[in-house]
Amino acid sequence: MRYLVFSLSFIISFNLFAQQTDVNYDENEIPDYKLPKLLITESGRKVKNVKRWEKKRRPELLEIFKHEIYGNIPEEIDISDVIVHEENGVFFDGLAKRKQVEIIFKKDDRELSADILIYTPKDSVKAPVFVGYNFSGNHTISYDPNIRLTESWVPDNPSWGIVHNQVTEQSRGVATDKWPVKKMIEAGYGVATVYCGDIDPDRDNFQDGIHPFSYQLGQFRPGYDEWGSISAWAWGLSKVMDYFTTDQDIDSTKVMVFGFSRMGKAAVWAAALDQRFAMCISNNSGCMGAALSRRRIGETIGIITYHFPHWFCENLNKYSGHEDKLPIDQHMLLGMIAPRPLYVTSATADLWSDPKGEFLSTLEAGKVYELYGKKGLPVTEMPAPNTPVSETVGYHIRTGKHDITPYDWEQFINFANKQFYSQPEE
């Protein structure tokens, strides 16, 4: 029966995708939609205060997102061992120190390890840290030959010397433009990164990442409402946070989780699941990230579940072409990050990620911040490109394509400064 249901959902998704060869980018073609109420409980009661939000509405929303979109994490899996491979080397003209830490997970005869690359200001004690995933290995953010090469599966990219799904020395430093580490260090912040494939390789496999650790006898893939890769990556970020609480160089009360594209989806889900993250930054996260699903513009549920079915739980398939049937939408996910600072970004040429839908979702999430006496976005209309706006919630749309740029990082740093270090007005 389970196979039959899955097969039917796959056929439905395939047929819907076949009908969407012309992706909609026209605002005039967006269907009429009505967002589910953020501050109305499932029983129909209004949420007027923080107590009801935290005790009733937030928990029920969290369960819906787990069951219908990202999938439940079946069991707790703790770090078994920590190996420090490098510590306190001096970098960036003496401004930074570096640490390379391997966290290891074990269960029965299985073992999985993930490398955390950490830079912190040299003279800082307990530095605030930005943490997020990279796409092809920690060594890609620097040309330094001493950064450990991942042994995990990596998507082939011959131009980077990644062949047969294994990295080589040729791929060192290919993503330095995405990671302006020196800029962050000069601003007083640390930065930490992990290769996403160390936790869960980005393919429809479910055999070589963390998922098999939770399988029951005879199980070969997650159940209908069990974790896909987005949840696995979010789980991995929480495990990194577990390590941060033990590291004397890191201020674990000021850890800012960020992500670009699909790692932006993982970042917002991680921040919703784990309230230890002090801030969340979503960069061009799009469908099932920050953007409203009901708008059905750019990438839709039907398209994303067809191309990347492993990212989500199987239950999401039933909403392909039926976004209006979703009991939730992404403004509710962003609302669950309150009262912690939230920053969302878009790009003018990234229509696939629906910039307007990302803005509208962020705007709606501000209603939860108001319960806490905090301010959401300070505007009600989408700002002009390259004009950041922020209170406790921030947003910008920059000119350019689907990417993460030095301009984006400059705004992240400015926003962090405002949240952590600006003095309140008299």
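The values are calculated or read from the model by the stated rules, or taken from the named source; none is laboratory data. Treat the numbers as computed from the prediction; the structure is a model and nothing was measured. All Cβ positions, glycine included, derive from the backbone under ideal geometry; neighbour counts span all protein chains shown.
Points worth noting:
- Failed condition for Tyr319, given (1) aromatic (Phe, Trp, Tyr); (2) surrounded by fewer than 23 Cβ atoms within 10 Å (Cβ to Cβ); (3) closer than 30 Å to Asp198 by Cβ: (3)
- Complete set of residues in region 202-231 that are of a type in the set (A, V, I, L, M) and surrounded by fewer than 24 Cβ atoms within 10 Å (Cβ to Cβ): Leu217
Quick grid of which residues meet (1) assigned by TED's automatic domain parsing to the domain that holds Asp200; (2) assigned to a loop (DSSP other than H, G, I, E, B); (3) crowded, with 21+ Cβ neighbours inside 10 Å:
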position: Tyr306; (1), (2), (3): no, no, no
position: Thr345; (1), (2), (3): no, no, yes
position: Trp352; (1), (2), (3): no, no, no
position: Glu358; (1), (2), (3): no, no, yes
position: Ser361; (1), (2), (3): no, no, yes
position: Gly373; (1), (2), (3): no, yes, no
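- Selection within region 136-149: residues that are crowded, with 18+ Cβ neighbours inside 10 Å and farther than 12 Å from Val167 by Cα. The member of this set that is farthest from the chain's Cα centre (by Cα) is Ile147.
- Hits in region 249-303 - residues which are part of a loop (DSSP other than H, G, I, E, B) and without any contact (Cβ under 8 Å) to a residue 60 or more places away in the chain: Asp274, Arg276
- Selected residue (only one of Ala416, Ala384 is among the small types (Gly, Ala, Ser) and outside any helix (DSSP H, G or I)): Ala384
- Each residue in region 101-114 was checked for being in contact with a helix residue (DSSP H, G or I) (Cβ under 9 Å, 6 or more places away or on another chain) and outside any strand (DSSP E or B), and 1 pass.
- Residue check for Arg98: within 25 Å of the chain's Cα centre (by Cα) and not in a strand (DSSP E or B): no
- All told, Val101 meets the bar of being modelled with pLDDT of 95 or more, surrounded by 13 or more Cβ atoms within 10 Å (Cβ to Cβ) and closer than 24 Å to Lys122 by Cβ.
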